Amino acid sequence: MPHLAIQYTPNLESKTDMTALCKKLANTITGITDETGKHIFPTGGTRVLAYPAAHFAVADSSRDMAFIYLHFRVMKGRSSAMLLKSGELLSKATHEHFAPILASKDPYLSITFQIDESTEVFDSRHGTIAPLFLK
Amino acid sequence: MPHLAIQYTPNLESKTDMTALCKKLANTITGITDETGKHIFPTGGTRVLAYPAAHFAVADSSRDMAFIYLHFRVMKGRSSAMLLKSGELLSKATHEHFAPILASKDPYLSITFQIDESTEVFDSRHGTIAPLFLK
Amino acid sequence: MPHLAIQYTPNLESKTDMTALCKKLANTITGITDETGKHIFPTGGTRVLAYPAAHFAVADSSRDMAFIYLHFRVMKGRSSAMLLKSGELLSKATHEHFAPILASKDPYLSITFQIDESTEVFDSRHGTIAPLFLK
C-alpha cells in the first residue's frame, strides 16, 4: 500500500527535478526499518506519484509562490513511533531536495507532508510486481 | 456521489485505452443492484476521473513497472455486503481490462482498488445532470 | 492547511477560466471570518489546486456532461457553524462562477463540494511563505 501522492503548483516544474524527488522518496520509504532492523513497508507495494496542477492559487497570489503537498497513505497497524519516524525521514528528504529553492525564495515555497492511515472498507490488490520482491 | 478517482503511472498511457476503462467502470457502477434488483448508485452522480502522474517511482525503479490505484469514494449508508459486491465487480472489471498487460508483463503492473466511505463534514451538490436521470 | 483540490472533467477546460476560479476560491477562503471578525484560515497556508482529468466518464456517457468535484481539507478544531459557513460561501462562489454553463447546459454540469477534516497521524510544514503573512 504505501502510496505517496504529491500535488504541487506548476511553477515548480522548471525549477526542480520531480522525478528525482519521487525516486528519493521511494528509496526512503523502502529503507525505513523498525527497532529490529525489519523493513516496515513492502518494496513491491511502494509507489510515489507526482501531479502538477493545471491551475492554482496560493495565499493571496501577491507574488510568485509555490506549494507542494505530500500525502502518504499507509495501511493501519504500524506503531506511532514508526509513523513518526517515517514522517520525519520523508519530510527531511523532501526538505533537502528543496533546499536550493527554500534558500533562493525563487519562488517562495511551502511544503506540507502528511501521513494518513487507510480507512478503506474494501481493498483488493492484483498484479505482477509484488512477486518480484518476495523473498 | 460515487466518485472513482484513478491515479496511474504514465508508462501505461500508450499501452491501454484508459477512456475505455473509465466508461467500463462507470457502466459497472451504475449497473450494481441490491438483492431486490434496485440500483444502489445514482447514474447522475456517477463519475470516473483518471490521472496519469507527471513523475513517479515504483518500488526500487529497477525495471519498467507501472501502478494503478483506483480509489472509489461513496456516501455512507450501504451495507457491507453491497460494498463487498461493488468492490469485487469493479476490481474484476479492472483486472479484465488489464489482462493483456498482466499476461505480457510489459510493463510489470500492480493494481490496487479501494473503497472509502465519505467522511465529509459539509456536502453540497448542484447542477444540471441529476435531473436528466430522475425517474 | 486549508487545501482545496479540484478534480474536473477536461471538457470544461475551454469553457471556463479555471485559474480565475482558483483565485476566487482562495480569496473566499482567506476572507472567511468568525463571529468576532477573526479570519479562521491562515492566508499563508491557503492553496487551491485544480486538475483536469486525462480520461473520464460521467453518468452513462450519453451526451456531453461535465463534473467538477471540489474537496476542501481543513485541520480539525473549527466549529460546525464555521464549517457550514465556509462550505456555503465556497459553494456559492463556485456556483456563481459556473452560472453561464449551468444556464446554457453546454455542457451539462454537476458540481459537488465537500469539506473533510484532516485525519493525519503525522503533519509537518516547512517553507518560506508563512513568514510573509505573519503579523
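Check cross-link reach from C:Lys92 to the lysines: straight Cα distance under 17 Å, and skip same-chain residues fewer than eight apart.
Leaving aside lysines fewer than 8 places away in the same chain, those within reach of C:Lys92 are C:Lys23, C:Lys24.
Contour minus end-to-end for C:Glu88 and C:Thr33, with contour as 0.36 nm per residue of separation and end-to-end as the Cα-Cα distance?
18.5 nm
Report, for A:Lys76, each distance to the same residue's label point in the other copies, shortest first and in nm; define the point 7 Å along Cα→Cβ.
1.5, 1.5
Can you tell which of C:His55, C:Ile129, C:Ser91 lies farthest toward the positive end of the dipole of region C:3-133, using +1 and -1 charges on the Cβ of basic and acidic side chains (Lys, Arg; Asp, Glu)?
Result: C:Ile129.
Can you sort A:Val121, B:Val74 so the residue with the fewest Cβ neighbours within 10 Å comes first? Provide the component values of the computation, followed by the final result.
On the way: A:Val121 17, B:Val74 23.
Ranking A:Val121, B:Val74 by Cβ neighbours within 10 Å, fewest first, gives A:Val121, B:Val74.
Hey, in the GNM for chain B with a 10 angstrom Cα cutoff, which one of B:His97, B:His55, B:His71 fluctuates hardest?
Maximum fluctuation in the GNM of chain B, among the listed residues, is at B:His55.
Can you list the distances in nanometres, one decimal and ascending, from the B:Ser62 label point to the identical position in each other copy, with the point 7 Å along Cα to Cβ?
For B:Ser62, the inter-copy label distances come out at 5.2, 5.2 nm.
Be a star and scan region C:17-59 for residues whose amide nitrogen sits under 13 Å from the point 7 Å along the Cα-to-Cβ vector of C:Ser104.
Those under the cut-off are C:17.
Calculated from DSSP H runs of 4 or more alone, at -39500 (n - 2.57) each and per residue, what is the 222 nm mean residue ellipticity of chain B, nearest 500?
-9000 deg cm²/dmol
Hey, got the dipole for region B:1-94? About the Cα centre, +1 on K and R Cβ, -1 on D and E Cβ, debye to the nearest 20? Present the calculation step by step, with values, prior to reporting the outcome.
On the way: 11 positive and 7 negative charges, 60 e Å.
I would put it at about 280 debye.
Quick one: what are the phi-derived ³J(HN,Hα) couplings along region A:37-45, Karplus 6.51/-1.76/1.60 with θ = phi - 60°, whole Hz, x for glycine and proline?
Values, residue by residue: x, 7, 5, 8, 10, x, 4, x, x Hz.
Rank C:Gly44, C:Gly87, C:Gly77 by mean-square fluctuation in a GNM of chain C with C-alpha springs under 10 angstrom and give only the top-ranked residue.
Largest GNM mean-square fluctuation: C:Gly77.
Let me have the relative contact order for region B:3-133, percent, based on Cα pairs under 8 Å that are six or more residues apart.
Values: 170 pairs, mean separation 45.1, N = 131.
About 34 percent, as a whole number.
What order do you get for B:Met65, A:Met1 when you list them from fewest to most C-beta neighbours inside 10 Å? Could you put the intermediate results ahead of the total?
Numbers: B:Met65 24, A:Met1 19.
Lowest to highest Cβ neighbour count: A:Met1, B:Met65.
Return the FRET efficiency for the residue pair A:Glu96, A:Leu134: r is the Cβ-Cβ distance, R0 is 41 Å, and the value is rounded to the nearest 0.05.
Working: r = 32 Å, r/R0 = 0.77.
Once the sixth-power term is evaluated, E becomes 0.80.
Between B:Arg125 and A:Arg63, what is the spin-label point distance in nm, taking each point 7 Å from the Cα along the Cα→C-beta axis?
4.4
Would you mind listing the distances between the B:Asp116 label point and the same position in each other copy? Use 7 Å along Cα-to-C-beta, nm, one decimal, shortest first.
In nanometres, ordered from closest: 0.2, 0.2.
Here, each number is a calculation from the coordinates, and none is a lab measurement. These numbers were taken from a predicted model, which means no experiment stands behind them. Glycine also receives a Cβ, built like all others from the backbone with ideal geometry; neighbour counts cover every protein chain displayed.
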